[in-house]
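Every number here is computed from the coordinates shown, using simple stated rules; none is lab data. These numbers come from a predicted model, not from an experiment. A quick note on method: Cβ atoms are made from the backbone with ideal geometry, for glycine too, and the neighbour counts reach across all protein chains shown.
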Amino acid sequence: MKKIKITALSLLLISSVLTSCKDQLDIQNPNQPTPASAATETGVIGLAQGAIYVNGFTSSGNKYYDGVVGAFYNGVVGFHEMMGDVVAAEAANTYMNNLSAPNEVILDDGTKVANPNSPSAQITLLRAINVNSQQGGNPGFHEWSMMYGLNNAANSVLEVVEKTTFSGDAATKKSTIKAWAYFWKGFAYSRIGSMYYAGLINNTSSSTNGNYVTKEKIIEEANANFDKAASTLTAITNAADYTSVMTLLVPSFFQGGKGAVPTIAQWVKNLNTMKARNILVNTPTSSVTAAQWGNILTLTNAGIGTADPVFAGNTNATGDIFAPLSYSVAARSVGANASGGTYKISERLIQDFNTGDKRLANNFNQYPVWVGNSDRGNAFNTRWAIKDGGNGLPGVMVYTNRAAGAAELYMVGSYEENELMKAEAKLYTGDIAGAVTSINAVRSYQGAGLAPISSADLATVKEELRKERRVALAFRGLSFYDARRWGILDSGRKNAVVISKDGKTINTKATINYGYLDYWDVPNNELAYNPAATGSAPVKNPK
């Protein structure tokens, strides 16, 4: 990438952002490794930690961060959760208030409330503002730039590590760092291939090319990097030196709970879960082949278990990487009334909790109706907001805790996601009982307090799986992928709870016709400086 890229070599903030890591990392300007820093263990580890986290996930890695759009897990993931109808936003920054405005809402009495920019309101908007002059006003810019910044950072690590002298078992330490870089490259390519119609494969730092390839090729590259990480890890024989390096790569304040340093075997499980996700979320459910379901089942059977660390992030008082009050979409949905924070809780998310689900009781409070920007189709209106830290029900999961050090941010995969992918693969390969077992296991794990599903009816279990993915994985950036692959973006959602603009009428049989773009066009911010070369794949979604 040329002008829009945010690279590890151009960013000058890592040493100040990660001051809390100074004791464990002797960082010597890791953005521009000198021969001295490249030849030291602490120098390359400082680069490997700082460049990855800052470029990929913090506001320092977002060139057009404005405090509302946010960084990755509270901004980019917010775009996904808005389009997945988990939250909405009224702020106009980066057209957030339009991004998740459906084309049309049909109320219980048949009244049609159209988006004023219909038809194809969101698609028309995205195309109109996908111009270089919009800069950060282009929603499609942010994920692209941060993930290519992350990829570039990982490329820098791979290049520097080859020049580094290590103490102890040098081969093990080098392999650990290389696996780390391949892992985050796989993550970056996964995000690009799961969101954009085309992308670039670039495995050299501070360089670019105009050879745009299809999203399918980007996902292949993602999985190839996950495979490189796995093969590099499984060749390691010195567990002690592996652990010593990983303890430095993972920030110390991340290392509690699910953020603990994984063993080699546990890390490979995380890789398997991500590979399963890449198949599932990028294939329409109606098109998944028997072989693909079998592959998902094989990967998830070897994926994250209940006791495995999952690269979870955390906050600290100084917000060195993630700030306590704004580290996630859920954290930015907390409110003392239904107007919430930056994000407003969707009535459709609340609708997907089963009666008696303790996760609803523990995490949300109901208030008088808040009426938002109703000229966007009534989708904003809500009665709900998240309760920071939960309502105190013992043994029940909490979506957000904004006390410093109390967050658990699922940066990559999780047990719940792995188990629900396993459930879906079982369901579509005829093992309904196995699917039920997996869904019940997730509910038990999160303390839902629901009676086990007893039905063996295929349609019933499919619906329970749909709802469970919505509830168990809320705020983790998967809802839009699900709406896309399930066909809801095109067919709409029926029997939806919608509050009319009078703030009094609660519709329970409404239809929401979303009409969102399934894969975004390549940002013009990129194309303006890096035009597609002859023979490139199309950079614009034909929809």
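Could you state the principal axis extents of the C-alpha atoms in the chain, from the largest down, to the nearest angstrom?
Ordered largest first, the chain gives principal extents of 72, 51, 47 Å.
Fewest first, what order do THR94, THR247 take by the number of other Cβ atoms within 10 Å?
Fewest to most other Cβ atoms nearby, the residues stand as THR247, THR94.
Could you tell me what fraction of 2.2 N^0.38 Å the Cα radius of gyration of the range 375-435 comes to, as a two-decimal ratio?
Values: Rg = 17.4 Å, N = 61, 2.2 N^0.38 = 10.5 Å.
Compared with the compact-globule rule of thumb, the range 375-435 sits at 1.66.
Please turn the phi angles of the range 213-219 into ³J(HN,Hα) values with the Karplus equation 6.51 cos²θ - 1.76 cosθ + 1.60 (θ = phi - 60°), one per residue in order, whole Hz, x for glycine and proline.
10, 5, 4, 5, 5, 5, 5
From the P(r) of the range 104-148, could you give the percentage of C-alpha pairs in the tail past 16 Å? Provide the component values of the computation, followed by the final result.
On the way: 538 of 990 pairs.
The answer is 54 percent, as a whole percent.
Which distance in nm do the two modelled labels at LYS112 and ASN209 give, with both placed 7 Å along the Cα-to-Cβ direction?
4.9 nm
Taking the convex hull of the Cα atoms, report for the range 162-205 its projected area averaged over all directions, in nm². Don't skip to the end; give the middle numbers.
Working: hull surface 14.2 nm².
Orientation-averaged projected area of the Cα hull: 3.6 nm².
So for the range 312-398, what percent of the C-alpha to C-alpha distances run longer than 19 Å?
I get 44 percent for the Cα pairs in the range 312-398 exceeding 19 Å.
Could you derive backbone 3J(HN,Hα) for the range 97-108 from the dihedral phi with the Karplus parameters 6.51, -1.76 and 1.60 (θ = phi - 60°), listing whole Hz in sequence and x where the residue is Gly or Pro?
Each residue's phi maps through the Karplus curve to give 5, 9, 4, 10, 8, x, 4, 7, 10, 10, 7, 4 Hz.
Can you pick out the pairs among LYS215/LYS387; LYS178/LYS217; LYS63/LYS269 whose Cα atoms lie more than 27 Å from each other?
Numbers: LYS215/LYS387 38 Å; LYS178/LYS217 22 Å; LYS63/LYS269 33 Å.
Table pairs above 27 Å Cα-Cα are LYS215/LYS387; LYS63/LYS269.
Return the loop-located trypsin sites (Lys or Arg not before Pro) in the range 486-536 (DSSP other than H, G, I, E, B) with at most 12 other Cβ atoms within 10 Å of their own Cβ; answer none if there are none.
Numbers: sites: ARG493, LYS494, LYS501, LYS504, LYS509; in loops: LYS501, LYS504.
For trypsin sites (Lys or Arg not before Pro) across the range 486-536 that sit outside H, G, I, E and B with at most 12 neighbouring Cβ atoms in 10 Å, the list reads LYS504.
Relative to the longest principal axis of the C-alpha atoms of the chain, give the angle of the C-alpha long axis of helix 239-249, reported between 0 and 90° and rounded to the nearest 10°.
Once rounded, one gets 70 degrees.
For LYS467, which aspartates and glutamates qualify as cross-link partners when the Cα separation must be under 17 Å and same-chain residues fewer than eight apart are set aside?
Cross-link targets: GLU81, ASP85, GLU347, ASP352, ASP357, GLU416, GLU417, GLU419, GLU424, ASP457, ASP482.
Over the range 264-322, what per residue volume does the convex hull of the Cα atoms give, in whole Å³? Spell out each step's value before the answer.
On the way: hull volume 6.6 nm³, N = 59.
Per-residue hull volume (Cα only) is 112 Å³.
What's the local net charge at GLY392, with K and R +1, D and E -1, over the other residues with C-beta under 15 Å away?
Within the 15 Å Cβ shell, the charges total +2.
On each of the three principal axes of the Cα atoms of the range 364-496, give max minus min coordinate, whole Å, ordered largest first.
Projected onto the principal axes, the Cα atoms of the range 364-496 cover 44, 39, 29 Å.
With +1 on the Cβ of every Lys and Arg and -1 on the Cβ of every Asp and Glu, and nothing else charged, how large is the dipole of the range 423-543 about its Cα centre, in debye rounded to the nearest 20?
With Lys and Arg at +1 and Asp and Glu at -1, about 340 debye.
Expressed as a rounded percentage, what relative contact order does the range 169-283 have, with Cα pairs under 8 Å and six or more residues apart?
Working: 115 pairs, mean separation 36.9, N = 115.
Relative contact order of the range 169-283: 32 percent.
Do you know the relative contact order of the range 443-530, to the nearest whole percent, from alpha carbon pairs under 8 angstrom that are 6+ apart?
18 percent.
Just to be sure I understand the curve: with the Debye formula and one point per C-alpha of the range 361-407, what is log10 I(q)/I(0) at q = 0.20 Å⁻¹?
These q points yield log10 I(q)/I(0) values of -0.72.
Can you divide the C-alpha Rg of the range 452-543 by 2.2 N^0.38 Å and report the result to two decimal places?
The reported ratio for this selection is 1.55.
Would you work out the Kirkwood radius for the range 500-543? I mean one over the mean of 1/r across all pairs of different Cα atoms, in Å.
Value: 14.5 Å, from the Cα pair sum.
Against the empirical 2.2 N^0.38 Å scaling, what ratio does the C-alpha Rg of the range 290-354 come to?
Relative to the 2.2 N^0.38 Å estimate, the range 290-354 comes out at 1.67.
Spin-label point model (7 Å from Cα, Cβ direction): what's the ARG466 to TYR529 distance in nm?
Placing both labels 7 Å beyond Cα along the Cβ direction yields 4.3 nm.
Which order results if LEU47, LEU458, LEU99 are arranged by neighbouring Cβ count within 10 Å, fewest first?
Listed from fewest to most nearby Cβ atoms, that is LEU458, LEU99, LEU47.
What number, in nm² with one decimal, is the all-direction average of the projected area of the convex hull of the alpha-carbon atoms of the range 49-92?
Value for the range 49-92: 3.3 nm².
Could you work out the helix-only [θ] at 222 nm for the chain, with each DSSP H run of four or more residues adding -39,500 (n - 2.57) and the total divided by the number of residues, to the nearest 500 deg cm²/dmol?
-12500 deg cm²/dmol
Please compute the length gained on full extension between THR285 and VAL68, using 0.36 nm multiplied by the number of residues separating them and subtracting their Cα-Cα distance.
74.7 nm
With r as the distance between the Cβ atoms of THR234 and SER120 and R0 = 60 Å, compute the FRET efficiency 1/(1 + (r/R0)^6) and round to 0.05.
Details: r = 48 Å, r/R0 = 0.80.
Working from the Cβ atoms, E equals 0.80.
Please work out the Cα center distance from the range 442-508 to the range 267-316, rounded to the nearest Å.
20 Å
Dipole of the range 139-249, Cα-centred, from +1 at each Lys and Arg C-beta and -1 at each Asp and Glu C-beta, to the nearest 20 debye?
About 80 debye.
Multiply the residue separation of ALA92 and THR243 by 0.36 nm, subtract the distance between their alpha-carbon atoms, and state the gained length in nm to one decimal.
Gain in length upon complete extension: 49.8 nm.
Which net charge results for the neighbourhood of ASP241, defined as the other residues with beta-carbon distances under 15 angstrom from its beta-carbon, given Lys and Arg at +1 and Asp and Glu at -1?
Residues close to ASP241 contribute a combined charge of +1.
What number, in percent, do you get for the relative contact order of the chain if the mean sequence gap of Cα pairs under 8 Å and at least 6 apart is divided by its residue count?
21 percent
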